[in-house]
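First the structure, in the form of structure tokens, and then the observations on it.
The values are calculated or read from the model by the stated rules, or taken from the named source; none is laboratory data. Note that this is a predicted model, so its numbers are computed, not measured. Please note: Cβ atoms are built from the backbone with ideal geometry, for glycine as well, and neighbour counts cover all protein chains shown. Areas reflect the complete protein model, heavy atoms only, side chains present, ligands, DNA and RNA absent. Shrake-Rupley method; radii C 1.70, N 1.55, O 1.52, S 1.80 Å.
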Number of protein chains: 4
Amino acid sequence: MAVPFEELKVGDRASFSKTVGESDIYLYAGITGDLNPAHVDSQYAARSIFGERVAHGMLSAGFISAVLGTRLPGEGSIYMSQTLRFIAPVKIGDTITATVEVLEKIEAKRRVRLSTVCENQRGQRVIEGEALVMCP
Amino acid sequence: MAVPFEELKVGDRASFSKTVGESDIYLYAGITGDLNPAHVDSQYAARSIFGERVAHGMLSAGFISAVLGTRLPGEGSIYMSQTLRFIAPVKIGDTITATVEVLEKIEAKRRVRLSTVCENQRGQRVIEGEALVMCP
Amino acid sequence: MAVPFEELKVGDRASFSKTVGESDIYLYAGITGDLNPAHVDSQYAARSIFGERVAHGMLSAGFISAVLGTRLPGEGSIYMSQTLRFIAPVKIGDTITATVEVLEKIEAKRRVRLSTVCENQRGQRVIEGEALVMCP
Amino acid sequence: MAVPFEELKVGDRASFSKTVGESDIYLYAGITGDLNPAHVDSQYAARSIFGERVAHGMLSAGFISAVLGTRLPGEGSIYMSQTLRFIAPVKIGDTITATVEVLEKIEAKRRVRLSTVCENQRGQRVIEGEALVMCP
């Protein structure tokens, strides 16, 4: 699925949601090598600022990549850049919704600039930032 | 493992390396929902600009998180923000080395700003950017 | 499947075989936290004594556990102890056969002592040792 | 990361901790073929001596391998042998800490003998044994 560059409009939005399971965090730790005890050691995490194991911030950032690469602009997009501010922790069982919205079309280079936000099931922002994507 | 804020110095560096396997890409696709055919459809990918399946840019970005969270500053770090420029594709079998280097210490807030670079086995940069991390 | 203690005889044997894939090694690294570059960094491994990535020795040891727990003595067995000598490396694509053989029945405690061997597809021993198992 | 043989001292210690998740047990079962119902069948396990599903003993043994291969002696170590006594079961959600301690340096062969212990979050030993490792 892809929206052609010509049809993209400022204000277009798309989202993807997933509940973050323990297995997501554990597999992500293995893929990336990030076995920080905040993510995989419940005893350590209980004494940490968050009080329990939390997901890797970058894991939730992947949901932004999922929206950009499969929905808006979609297949064939090339990811140029991303900024990420990690605002709040994601805990096991949280449902994260990544939403992207077209902020600007850069006609000469067939690129779009988008706001990229991840929120949890209570509507609390956990990540915010911007992406720059080249359209197919 | 963690380097105490007091001992961190501008110029301190740490790295982590991993060969990106097909299984990394497939598991990452499942965790994040990013089933963009550029990553998981070899027929589609053969006709794409890269000529073969490529890893998600955000997957390699996770190696940066691994260095920050397990080596420098290490355990107990809180990830505040990250910028990412995706410069070149990562293909199956590429070995990616993520390297972080302390650029600035922000004493008042116990934060450090670091350059964050991912390179492949030929020394070609695939990602560059900066991170801001709160120290334990 | 389980062989009742009364029917077990010295000399009884059972085996399990599996080809070790890259994904096995990568998942095992994530489960255990053993991201030693000898297992997950092909560039590092190329310069190592083995010349390429090798499987974790303990991964192949798991095939012994599989035979003991599912075939001989089988379901309901309780693993008491294991000795392991790691003799040769296991490479991606090697097919490992774990074979256990009853060496002794310890009637009073319903335990059996078994030899435990893992061989590759060329019949080369990669692990040898002994197990002590309490029967159901 | 590796401690050079020359700097290793009797009494040196290192640890690694991880909370054992259901996903660890299930993935480990798939990697090794050890689908013993004690590990993957909650109905069977409820009627067993342990009353619930338990992790494979060999899974926790992998944490020992992780410490040896990534911390002490670290990268480049070659695993020669391991003895394992399985003392107590590991249940889903238990946090296991593997600790290795140098018992002896064998100068002529650049080998070290280490005690290897896994404990749960209550300080109860679940595995004990010894490892022999050749240093890089």
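Being open to solvent by less than 50 Å² (accessible area, probe 1.4 Å), closer than 22 Å to C:Ser42 by Cα, more than 9 Å from every other protein chain (Cβ to nearest Cβ) and not basic (Lys, Arg) holds for only one residue in B:Val112, B:Val67, B:Val102, B:Val90, and it is B:Val90. Every condition in (1) without any contact (Cβ under 8 Å) to a residue 60 or more places away in the chain; (2) more than 8 Å from chain D (Cβ to nearest Cβ); (3) open to solvent by less than 10 Å² (accessible area, probe 1.4 Å) holds for C:Phe50 except the one numbered (3). Taking the range D:78-103 as the range and being small (Gly, Ala, Ser) and in contact with a helix residue (DSSP H, G or I) (Cβ under 6 Å, 6 or more places away or on another chain) as the test, only D:Ala98 passes.
Determine, yes or no, whether A:Glu107 is among the acidic types (Asp, Glu), in contact with a helix residue (DSSP H, G or I) (Cβ under 7 Å, 6 or more places away or on another chain), at pLDDT below 95 and surrounded by fewer than 19 Cβ atoms within 10 Å (Cβ to Cβ). Here the answer is no, as A:Glu107 does not meet what is asked.
Among the residues of the range D:74-87, is any within 19 Å of A:Asp34 (Cα to Cα) and facing chain C (nearest Cβ under 9 Å)? Yes, the range D:74-87 contains a residue that is within 19 Å of A:Asp34 (Cα to Cα) and facing chain C (nearest Cβ under 9 Å). Restricting attention to the range B:59-86, the residues that are farther than 21 Å from A:Thr116 by Cβ, over 11 Å from the mean Cα position of the chain (by Cα) and small (Gly, Ala, Ser) total 4. Scanning the range B:64-98 for residues being more than 20 Å from A:Ile49 (Cα to Cα) and without any contact (Cβ under 8 Å) to a residue 24 or more places away in the chain gives a total of 0. On the stretch given as the range B:6-45, residues that are open to solvent by less than 40 Å² (accessible area, probe 1.4 Å), farther than 24 Å from A:Thr19 by Cα and touching a residue at least 12 places away in the same chain (Cβ under 8 Å) total 11.
Residues being among the polar types (S, T, N, Q) and in a loop (DSSP other than H, G, I, E, B) are entirely absent from the range A:104-115.
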